[in-house]
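> Once you've had a glance at the structure underneath, I'll fire off some questions.
The values are calculated or read from the model by the stated rules, or taken from the named source; none is laboratory data. Every value quoted in this text rests on a predicted model; they were computed, and no experiment measured them. Cβ atoms come from the backbone with ideal geometry, glycine included; neighbour counts cover every protein chain shown.
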Amino acid sequence: MARTDRIAEPWGTRTPYGPGEEWPTRVDVHLADGLTEDDVDRWEQSASILHSNGDGLDIAVKDDRIVGVRGRAVDRVNHGRLGPKDLFGWQANNSPDRLTTPLIRRNGKLVETDWDTAMDAVVGRAKELLAEQGPSAISFYTTGQLFLEEYYTLGLIAHGGIGTNHVDGNTRLCTATAAAALKESFASDGQPGSYTDIDSADVIALYGHNMAETQTVLWTRILDRLAGPNPPKVICVDPRQTPVARHATVHLAPRPGTNVMLMNALLHEILANGWIDAEYVKAHAVGYDELVQRVEDYPPELAAEICDVPVAQIREAARIIGTAERLLSSALQGFYQANQSTAAAVQINNIHILRGMLGKPGCGILQMNGQPTAQNTRECGADGDLPAFRNWSNEEHVEDLARVWNIDPMDIPHYSPPTHAMQMFRYAEEGSIRFMWVQATNPAVSMPELGRMREILAQDRLFLVVQDIFLSETAQLADVVLPAATWGEKTGTFTNVDRTVHLSEKAVEPPGAAKPDLDIFLDFARRMGLKDKDGRPLVKWSTPEEAFEGWKECTRGRPCDYTGLSYDKLRGGSGIQWLCNDEHPDGTEHIYVDGQFWSAPDYCESYGRDLVTGAPLSPVEYKAMNPSGKAVLKAAEYLPPHEVVSQDYPFQLMTGRTLYHFHTRTKTARAPQLQKAAPEVWVEMSASDAADRGFAEGDLLEVSTARGRVEAKLRISGIRPGAIFLPFHYGYWDEPSGHEPDGKRGRAANELTITDWDPASKQPIFKTAAAAVRRLAKADGPSAAPTTTGSRPVVDGVPPTTGGPAAMSTETLSTETLGTEEIATVAGGAR
């Protein structure tokens with residue numbers, strides 16, 4: 001057993017292993033000061049909720065209060081490991097800032113009220129608008145942090161009860177392109193890869209995916225492979241020198257907005273050298289000839305010029321990818337939030353289809369999610385999709401869903417494509433959406449062009465309901481605020497990116513009058529009087545487990561079949577991957593085995609879109625293109641970003657994440673170890689760009705675009721020249737500085753970002769805003785940006801990021817003191 005500062009060592013101790021071997025167990029534990037595991041009254045099973053990896057963990061409870069966490073040794077996802085946000089983020093549950101009673105706006109101010117008064121206001125306004133304007137007046141904007149049972153209930157209420165098409169989540173900002181890219185290539189959502197592919201892959205390619213910071217435990221798995229015999233080669237595509245880049249065999253750092261150019265060049269080389277499985281392509285794919293023709297126009301020399309990447313690096317990366325025996329690829333925000341996001345992500349899928357690298361160990365794609373329950377948002381119909389990967393454009397699918405819900409098919413809005421989040425806010429701006437219910441997200445900080453967003457949310461004609469655990473920047477603008485229970489205070493399930501379903505048990509009671517999100521939705525449905533076609537209540541469950549059973553029936557026979565799962569089956573052991581049904585009772589590690597796809601015209605979730613215009617293909621067009629239900633090789637031409645640099649705005653601004661925070665810091669800022677590690681916003685710039693302007697580490701800079709300005713201290717980092725980076729986690733204002741009229745300095749990166757989105761996935765573009773910088777004050781010390789991450793300094797004299805005694809956590813390796821039976825006991829907890 002060892003004690004480690006898990007702020008200074010985010011990925012913990014190495015446990016090396018080789019290809020084909022099982023990842024060793026390491027159980028990580030962090031408890032409140034002075035407590036030992038013997039002091040804990042009980043442990044309750046759960047999984048991580050502050051990133052998308054899905055790490056299995058147990059919640060420590062003492063005196064009916066959460067006092068720590070412990071990794072679950074038997075869980076397939078993490079084998080006992082936890083990341084910094086897992087280890088320390090639970091402290092937000094105990095914050096004195098928690099919302100404990102409903103609030104309602106009276107005379108311009110939010111005042112405390114009771115649940116009946118708050119819900120009467122919500123339901124009364126909803127009924128007024130339904131009578132006055134109809135369902136088009138009502139919208140729901142949800143999150144990637146609720147539970148499956150809550151998303152499914154919300155989707156049923158919104159689509160089947162209210163009948164609105166205006167339903168989406170903040171998953172539109174982080175993971176919409178993952179779903180869109182999978183639908184383009186395979187005509188259905190559902191991840192082809194599994195985390196276990198890391199155990200046997202000989203090449204791992206990460207495209208715009210800083211896994212070291214966004215999924216720390218998954219990166220730990222890669223680090224352990226790299227430390228073992230016959231390590232995999234790593235390809236990193238990222239304009240910043242992230243921890244992934246520092247471990248890469250080849251690091252490609254293209255100009256932001258040129259990902260499609262780079263991917264086409266890689267495909268050009270793979271095809272030109274014959275690094276493909278021709279028999280697989282012939283048997284299992286369509287679109288080959290068009291792809292070949294398209295990438296002929298993108299030789300590495302052209303990409304080297306446009307992307308500003310050495311041609312030799314492009315060729316070497318293509319050779320490594322093209323000759324891999326077992327290739328695992330992953331993508332995240334660097335591709336998803338950039339120009340032509342879907343087109344770029346689809347080219348990753350194309351590589352795997354061309355190489356036949358699907359459906360077998362070590363060969364997979366992880367179009368990664370950005371949030372812990374984003375997969376459920378998509379599966380359950382809470383982001384505009386129909387539940388269980390049904391097709392909006394297939395009348396038989398709509399009729400089948402109506403059968404499950406026992407309503408008329410015409411009550412399910414499918415007359416036009418579902419309204420994506422960016423369009424929802426535009427409709428609110430124009431006045432056609434007049435009711436918006438926001439749950440567990442903070443669009444006043446996370447959406448693009450925040451000046452515009454604040455104006456929309458603050459309109460008198462928009463009735464804004466916010467359901468959250470803290471009084472966020474968005475909640476401060478609301479007409480009604482509903483206090484919610486959070487992770488550890490309610491029971492439910494959630495699914496990570498590799499299709500692993502976890503059960504999270506209620507460990508403690510929520511504070512004050514706060515309620516589980518499911519209970520709030522059920523109360524709303526009852527007060528609205530929502531009925532099925534037989535006059536019975538539309539929502540037929542009252543508990544999370546009953547909701548899960550309802551969801552299982554909805555998934556029967558669909559790609560994401562949950563019918564073999566149950567709460568009892570998920571208790572006590574590991575999470576389980578769907579498909580899980582009679583045919584696959586123990587779950588399914590790999591889908592698309594032997595070229596069996598879900599892309600048949602009568603079964604598929606989507607017929608696809610034009611990657612340039614976003615126009616959907618008709619059923620007739622899709623059936624003509626892909627009558628036999630194969631994978632689709634979809635070519636894409638390169639288009640430059642819509643906003644380009646100029647003399648006034650010479651930098652390309654990228655926004656993104658850091659290891660120690662999640663979204664807008666509503667939780668992580670209340671965990672002392674995490675907040676101390678990244679206490680304030682910073683701006684990253686290359687050493688050459690800083691030298692050209694006479695800037696030094698720690699200088700206070702103003703970063704501006706045509707939309708706004710931010711003040712941040714400079715971190716001179718390994719970012720590529722011509723690009724700058726701001727973390728997006730920080731809200732409107734920082735401490736007083738004297739530069740703003742009110743004495744406070746703007747620090748929210750999304751003051752600067754542009755209202756623009758990918759035509760296919762509708763995901764906002766956060767990576768290519770044209771920006772200018774100027775110095776406001778010389779340094780009084782270095783930036784407080786972390787030194788362990790992508791913001792690692794390239795100059796001397798910056799103190800290392802550490803957590804000190806408060807960040808010390810225990811690690812127990814399976815080779816030290818734990819045998820198999822002991823590991824199972826640790827994982828199961830004292831139940």
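> Name the single residue, out of those in region 668-677 being in contact with a Ser or Thr (Cβ under 8 Å, 6 or more places away or on another chain) and surrounded by 24 or more Cβ atoms within 10 Å (Cβ to Cβ), that is nearest to S791 (Cα to Cα). First the steps, then the outcome.
Initially, region 668-677 is screened for residues in contact with a Ser or Thr (Cβ under 8 Å, 6 or more places away or on another chain), giving 670, 674-675, 677.
Now drop any that are not surrounded by 24 or more Cβ atoms within 10 Å (Cβ to Cβ), which leaves 674, 677.
Details: L674: 15, A677: 12 Å.
Looking at the filtered set, the residue picked out is A677.
> Kindly provide the set of residues from region 485-539 that are under 30 Å from P409 (Cβ atoms) and assigned to a loop (DSSP other than H, G, I, E, B), ordered by number.
R499, G529, L530, D532, K533, D534, G535, R536, L538, V539
> Among the residues of region 694-707, which ones are closer than 16 Å to Q652 by Cα and either out of contact with any Leu (no Cβ under 6 Å at 6 or more places or on another chain) or in a loop (DSSP other than H, G, I, E, B) (or both)?
Answer for region 694-707, where residues must be closer than 16 Å to Q652 by Cα and either out of contact with any Leu (no Cβ under 6 Å at 6 or more places or on another chain) or in a loop (DSSP other than H, G, I, E, B) (or both): V703, S704, T705, A706, R707.
> Ok, one more. Has region 465-472 got any residue that is surrounded by 22 or more Cβ atoms within 10 Å (Cβ to Cβ) and modelled with pLDDT under 95?
yes
> Anything in region 30-60 that is aliphatic (A, V, I, L, M) and either farther than 18 Å from L813 by Cβ or surrounded by fewer than 24 Cβ atoms within 10 Å (Cβ to Cβ) (or both)? List them, or say none.
L31, A32, L35, V40, A47, I49, L50, I59, A60
> Could I ask something else about it? Working only within region 62-103, note down all residues that are more than 30 Å from A118 (Cα to Cα), in contact with a Gly (Cβ under 6 Å, 6 or more places away or on another chain) and of a type in the set (A, V, I, L, M).
A73, V74, V77, L82
> Same structure, new question: N626 passes all but one of (1) of a type outside the set (S, T, Y); (2) within 25 Å of G155 (Cβ to Cβ); (3) touching a strand residue (DSSP E or B) at 6+ places or on another chain (Cβ under 6 Å); which number fails?
Result: N626 passes all but (2).
> Quick check on my filter: what residues within region 375-421 are surrounded by fewer than 21 Cβ atoms within 10 Å (Cβ to Cβ) and part of a helix (DSSP H, G or I)?
Of everything in region 375-421, those that are surrounded by fewer than 21 Cβ atoms within 10 Å (Cβ to Cβ) and part of a helix (DSSP H, G or I) turn out to be E395, E396, V398, E399, D400, A402, R403, V404, P409, M410, D411.
> Select from region 425-450 the residues that are farther than 27 Å from R670 by Cβ and crowded, with 20+ Cβ neighbours inside 10 Å and write down the one among them that is farthest from the chain's Cα centre (by Cα).
R434
> Specify the residue that is nearest to I314 (Cα to Cα); the eligible residues are those in region 256-271 that are in a helix (DSSP H, G or I) and of a type in the set (S, T, N, Q).
By that ranking, first place goes to N264.
> What are the residues in region 1-18 that are surrounded by fewer than 19 Cβ atoms within 10 Å (Cβ to Cβ) and over 24 Å from the mean Cα position of the chain (by Cα), if any?
Matches in region 1-18: M1, A2, R3, T4, D5, A8, T13, R14, P16, Y17, G18.
> Which residues, taken from region 615-635, are part of a helix (DSSP H, G or I) and either in contact with a Cys (Cβ under 9 Å, 6 or more places away or on another chain) or at pLDDT below 95 (or both)?
Y622
> Give me the residue from region 199-212 that is buried (at least 24 other Cβ atoms within 10 Å of the Cβ) and assigned to a helix (DSSP H, G or I) and, out of that set, nearest to the chain's Cα centre (by Cα).
M211
> Between a first residue in region 106-127 that is over 20 Å from A458 (Cα atoms) and modelled with pLDDT of 95 or more and a second residue that is of a type in the set (S, T, N, Q) and surrounded by 13 or more Cβ atoms within 10 Å (Cβ to Cβ), which pairs have beta carbons less than 9 Å apart while being 6 or more apart in sequence or on different chains?
T113/T101; D114/T101; W115/T101
> Taking into account only those residues within region 133-154 that are touching a residue at least 40 places away in the same chain (Cβ under 8 Å) and assigned to a loop (DSSP other than H, G, I, E, B), which is surrounded by the most Cβ atoms within 10 Å (Cβ to Cβ)?
Looking only at region 133-154, we keep the residues that are touching a residue at least 40 places away in the same chain (Cβ under 8 Å), and these are 133, 135-154.
This time we only want the ones that are assigned to a loop (DSSP other than H, G, I, E, B), so: 133, 143-147.
On the way: Q133: 14, T143: 25, G144: 30, Q145: 28, L146: 34, F147: 28.
Restricting to residues being touching a residue at least 40 places away in the same chain (Cβ under 8 Å) and assigned to a loop (DSSP other than H, G, I, E, B), the top hit is L146.
> Looking at region 747-762, can you tell me whether even one residue there is surrounded by 22 or more Cβ atoms within 10 Å (Cβ to Cβ), of a type in the set (K, R) and over 26 Å from K183 (Cβ atoms)?
Looking through region 747-762, at least one residue is surrounded by 22 or more Cβ atoms within 10 Å (Cβ to Cβ), of a type in the set (K, R) and over 26 Å from K183 (Cβ atoms).
> Quick one: which of T36, T13, T4 is closer than 16 Å to A807 by Cβ and out of contact with any helix residue (DSSP H, G or I) (no Cβ under 9 Å at 6 or more places or on another chain)?
The unique qualifying residue is T13.
> Exactly one condition in (1) without any contact (Cβ under 8 Å) to a residue 40 or more places away in the chain; (2) closer than 18 Å to H209 by Cβ; (3) in a helix (DSSP H, G or I) is not met by E305; state its number.
(2)
> Still on this structure: Does any residue in region 265-287 that is loosely packed, with under 15 Cβ neighbours inside 10 Å and at pLDDT 95 or above come within less than 9 Å, Cβ to Cβ, of a residue that is among the polar types (S, T, N, Q) and assigned to a loop (DSSP other than H, G, I, E, B) six or more places away or on a different chain, and which pairs are these?
Taking only residues 6 or more apart or on different chains, the pairs are N273/T323.
> Condition (residue is among the hydrophobic types (A, V, I, L, M, F, W, C), in contact with a strand residue (DSSP E or B) (Cβ under 7 Å, 6 or more places away or on another chain) and either assigned by TED's automatic domain parsing to the domain that holds T258 or surrounded by fewer than 18 Cβ atoms within 10 Å (Cβ to Cβ) (or both)) applied to region 699-712: is it met by at least one residue?
Within region 699-712, none of the residues are among the hydrophobic types (A, V, I, L, M, F, W, C), in contact with a strand residue (DSSP E or B) (Cβ under 7 Å, 6 or more places away or on another chain) and either assigned by TED's automatic domain parsing to the domain that holds T258 or surrounded by fewer than 18 Cβ atoms within 10 Å (Cβ to Cβ) (or both).
> Continuing with this model, one more query. Out of everything in region 308-320 that is surrounded by fewer than 24 Cβ atoms within 10 Å (Cβ to Cβ) and touching a residue at least 12 places away in the same chain (Cβ under 8 Å), what residue ends up being nearest to G722 (Cα to Cα)? I'd like the intermediate steps shown before the answer.
Going residue by residue through region 308-320, those that are surrounded by fewer than 24 Cβ atoms within 10 Å (Cβ to Cβ) are 308, 310-313, 315-316, 319-320.
Next, only the ones that are touching a residue at least 12 places away in the same chain (Cβ under 8 Å) stay: 308, 313, 315-316, 319-320.
Values: D308: 11, Q313: 20, R315: 24, E316: 24, R319: 28, I320: 28 Å.
Checked region 308-320; the qualifying residue nearest to G722 (Cα to Cα) is D308.
> Continuing with the same structure: If I ask for residues that are outside any strand (DSSP E or B) and at pLDDT 95 or above, which ones from region 708-726 would you list?
Within region 708-726, G718, I719, R720, P721, G722 qualify.
> When you look at M453, is it more than 30 Å from S574 (Cβ to Cβ), modelled with pLDDT under 95 and more than 19 Å from the chain's Cα centre (by Cα), yes or no?
Against the criterion (more than 30 Å from S574 (Cβ to Cβ), modelled with pLDDT under 95 and more than 19 Å from the chain's Cα centre (by Cα)), M453 qualifies.
> While we're looking at this one, here's another question. For region 321-367, how many residues are assigned to a loop (DSSP other than H, G, I, E, B), surrounded by 24 or more Cβ atoms within 10 Å (Cβ to Cβ) and small (G, A, S)?
Of the residues in that region, 3 qualify.
> Going by the structure shown, is T664 touching a helix residue (DSSP H, G or I) at 6+ places or on another chain (Cβ under 9 Å), surrounded by 15 or more Cβ atoms within 10 Å (Cβ to Cβ) and not in a loop (DSSP other than H, G, I, E, B)?
no
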